[in-house]
Amino acid sequence: MLKSLKIENFRSFQSFELKQLGRINLLVGENNSGKTSILEAIQLLLCDSGDLKPLFELLLDRGEYLWHENSQNSPWFDIEHLFYNHATTVNQYFSISSINQTDHTKSLKVLVQPNEDTNSYNSLLNQMSGYNLSFQWQKYHQAYEQMIDLFHINNRLVTQLKQKIPIGNSNHKANFVSNNYFSIETLVELFDRYVLHPEEALIYESLRIIEPGLQRIAPNHSRYFQPVSYRGGFNVLLDDQPQPIPIGSMGEGIWRMLGLVLALVDTKDKVLLVDDIDAGLHFNTIYRMWKLIWKTTQKFNIQIFATTHSRDCWESLAELVESENIDEGEITIHRIEPGKPNSVLFDSEMMVIAANQGIEVR
Amino acid sequence: MARNIHPKVLLVEGDRDIWVVVRLLEKNGITWEWGNEPIIQIEYPGYPQKDRGGKDKLLKSKFIASYLNQRGCVALGLLVDADEDASRRWQQVREACRFSMPNIPNELPETGLVFTTQNSGGDAIKFGVWIMPDNRMRGMMENFLVKLIPEGMAPLWTYAQEVVTEAKILGAPFTDAHQDKANIHSWLAWQDPPGLELHQAIIKQVFSPQKAESQIFINWLRDLYDL
């Protein structure tokens, strides 16, 4: 579990620190305050196996790529936006570091440096890579470095990912649930991974929060099936229906809840990052969602960082703290404000006071 | 469910204190246009549910810290009764504040405390403390209002106190700690109309809100909230 996080020169943060992190951490703040950037920072810090696919996923998610006559089916990723003020010059860096429960520091420094590799020729662009982006992780006394070649297109520093991004992040210490996460392919693959496992009960429990009459759910494994829409790929059997119905015939909530619970069971002993956690959920289901999350994060040793804009979302979390009598350090709310050195913290006790007094935390 | 965020908040013990402060400010030319944003948002523990409030909830570290961390807060004040011992109350206030304001001064000035602190995000916030009646003496809001009894009414006030002492001898059941309260409510019983509430008595000039004795408190509010 991360106890604190420090970010420098990353996206909109020149220098920013979050302290007293708990097991569940809800990030609030205005639009464009940098909540998602904090999730990204944690994701990158925890890529310390050297696998940088999450980097490309987050650039994809934000549309930070460009197409070029020499793209050949794979976009060129524009890495400049990762840096404070979108500035990339030689020796420019951003850094992310954390302290965990046992007081060990883990850090990542990402640096633009001249490329001395003579094999860095890119035939598509007919260009030698002038620079690389060096990822330098340090934990305890170990150091690990991973470099990616950078090229110039239209005066921008770009890089390309050759292989397809696989589904699920099982090699990473953090799972990032963004809007793109809720694809039919991802959810079907994860469902197949946990069906007939003990975790299946949890999947049903969560879906019945949204639809109490849900009996069974099964992926559509017809050989002709192709995931062409946003929602689909599953059929659902309800108490009062003689025939299974496509999941898409039901509301957005059931789809989001399915994605969320699959992400949870796929995050054992890791960190779960969820952007806009209550999107698509009616306010009267949010409390039960938090209750399920609280139970699961303890059972599976998960630390969770989630963002929200809604009052119902944080007040429901405060309600959970009060009704379950949860210790003050376990659940936190952090308000993120641009240009500030620290987050504004509400621990469990303070969030209950804030909810009861009508104090605005967001 | 939307809440108007007010940057200037005064925390008090209960509902009654709100109205006394509002009327005192009004009578000193700081008027509240009802329907518009209040000049200061005055709240107490349990405020939204109209609970009883109380010192114990008010003087808790996390209660004060929660208000300090409220979005948009620029000034936060704490108004509390001294009761038996003003310096002991100040130590209690200081202890409750130290969690979120390690730099809170050691001493409470006679004119009330106003100092600049920070919330946990690093925003500068003006923080103030006033201990009723005057940051020095034992007592409460009632003792502060006693000082605002008009000059010409001094003999009646003396008489009210004598009557209460007499009543006590005759077996009136109020406790010694509430002697001041009994005095002022006896005094209020003989006004026109009898039995006004404290804040109504300010409007009716049963107390003189502009008397010099009230100005130190008014100035504390002016200073803290830039009124």
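For residue A:193, the criteria (1) at pLDDT 85 or above; (2) open to solvent by less than 40 Å² (accessible area, probe 1.4 Å); (3) not in a strand (DSSP E or B) hold in every case but one, which is (2). Among the residues of segment B:158-183, which ones are within 19 Å of residue B:206 (Cβ to Cβ) and open to solvent by less than 40 Å² (accessible area, probe 1.4 Å)? Selection gives B:160, B:164, B:180, B:182, B:183. All of B:98, B:88, B:71 fail the test of being open to solvent by 10 Å² or more (accessible area, probe 1.4 Å), farther than 21 Å from residue B:15 by Cβ, touching a residue at least 12 places away in the same chain (Cβ under 8 Å) and out of contact with any helix residue (DSSP H, G or I) (no Cβ under 9 Å at 6 or more places or on another chain), apart from B:71. Filtering B:94, B:3 for residues that are more than 27 Å from residue B:212 (Cβ to Cβ) and at pLDDT below 90 leaves a single hit, B:3.
All told, residue A:320 meets the bar of being of a type in the set (A, V, I, L, M) and more than 9 Å from chain B (Cβ to nearest Cβ). Taking segment A:273-302 as the range and being closer than 17 Å to residue A:333 by Cβ and crowded, with 23+ Cβ neighbours inside 10 Å as the test, the residues that pass are A:273, A:274, A:277, A:278, A:286, A:289, A:290, A:293.
Among the numbered conditions (1) surrounded by 13 or more Cβ atoms within 10 Å (Cβ to Cβ); (2) touching a residue at least 24 places away in the same chain (Cβ under 8 Å); (3) not basic (Lys, Arg), the only one that residue A:117 does not meet is (1). Reported count of residues in segment A:337-362, each being more than 22 Å from residue A:298 (Cα to Cα), part of a loop (DSSP other than H, G, I, E, B) and facing chain B (nearest Cβ under 9 Å), is 9. Quick check on residue B:41: is it open to solvent by 10 Å² or more (accessible area, probe 1.4 Å), closer than 16 Å to residue B:128 by Cα and either at pLDDT below 95 or more than 16 Å from the chain's Cα centre (by Cα) (or both)? The answer is yes for residue B:41. Looking for something outside any helix (DSSP H, G or I) and either touching a strand residue (DSSP E or B) at 6+ places or on another chain (Cβ under 6 Å) or modelled with pLDDT of 85 or more (or both) - is there at least one such residue anywhere in segment A:254-264? Scanning segment A:254-264, I find no residue that is outside any helix (DSSP H, G or I) and either touching a strand residue (DSSP E or B) at 6+ places or on another chain (Cβ under 6 Å) or modelled with pLDDT of 85 or more (or both), so the answer is no. Of the residues making up segment A:66-80, those that are acidic (Asp, Glu) and within 25 Å of the chain's Cα centre (by Cα) are A:78, A:80. Picking from residues in segment B:104-139 that are within 14 Å of chain A (Cβ to nearest Cβ) and in contact with a helix residue (DSSP H, G or I) (Cβ under 7 Å, 6 or more places away or on another chain), the one that is farthest from residue B:213 (Cα to Cα) is B:119.
Yes/no per residue for (1) closer than 26 Å to residue A:311 by Cβ; (2) touching a helix residue (DSSP H, G or I) at 6+ places or on another chain (Cβ under 8 Å); (3) not in a helix (DSSP H, G or I):
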position: A:3; (1), (2), (3): no, no, yes
position: A:15; (1), (2), (3): no, no, yes
position: A:25; (1), (2), (3): yes, no, yes
position: A:44; (1), (2), (3): no, yes, no
position: A:47; (1), (2), (3): no, yes, yes
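Looking at segment A:139-162, is at least one residue over 19 Å from residue A:233 (Cβ atoms), in a loop (DSSP other than H, G, I, E, B) and basic (Lys, Arg)?
Checking segment A:139-162: at least one residue is over 19 Å from residue A:233 (Cβ atoms), in a loop (DSSP other than H, G, I, E, B) and basic (Lys, Arg).
When you look at residue B:120, is it assigned to a helix (DSSP H, G or I) and open to solvent by less than 70 Å² (accessible area, probe 1.4 Å), yes or no? The answer is no for residue B:120.
Kindly establish whether residue B:33 is without any contact (Cβ under 8 Å) to a residue 12 or more places away in the chain, more than 14 Å from chain A (Cβ to nearest Cβ) and among the acidic types (Asp, Glu). In short, yes.
For segment A:323-336, which residues satisfy the criterion of being open to solvent by less than 10 Å² (accessible area, probe 1.4 Å) and within 10 Å of chain B (Cβ to nearest Cβ)?
Correct list: A:333, A:334, A:335, A:336.
Might you check whether a residue that is touching a residue at least 60 places away in the same chain (Cβ under 8 Å) and within 13 Å of chain B (Cβ to nearest Cβ) occurs anywhere in segment A:280-298? No, segment A:280-298 has no match at all.
Here is the figure for segment A:31-42: residues that are closer than 17 Å to residue A:314 by Cβ, in a loop (DSSP other than H, G, I, E, B) and open to solvent by 10 Å² or more (accessible area, probe 1.4 Å) total 1. Being on the phi > 0 side of the Ramachandran plot and open to solvent by less than 40 Å² (accessible area, probe 1.4 Å) is a condition met by at least one residue of segment A:23-30. Residue B:126 meets the conditions (1) out of contact with any Ser or Thr (no Cβ under 8 Å at 6 or more places or on another chain); (2) open to solvent by 10 Å² or more (accessible area, probe 1.4 Å); (3) in contact (Cβ under 8 Å) with a residue 24 or more places away in the chain in every case but one. The failed one is (1).
The values are calculated or read from the model by the stated rules, or taken from the named source; none is laboratory data. Quick caveat, the model's predicted, so the values are computed rather than measured. Cβ coordinates were reconstructed from backbone atoms using ideal geometry, including for glycine residues, and neighbour counts include every protein chain displayed. The protein model used for the area step is the full one, side chains on, heavy atoms only, and it has no ligands, DNA or RNA in it. Shrake-Rupley method; radii C 1.70, N 1.55, O 1.52, S 1.80 Å.
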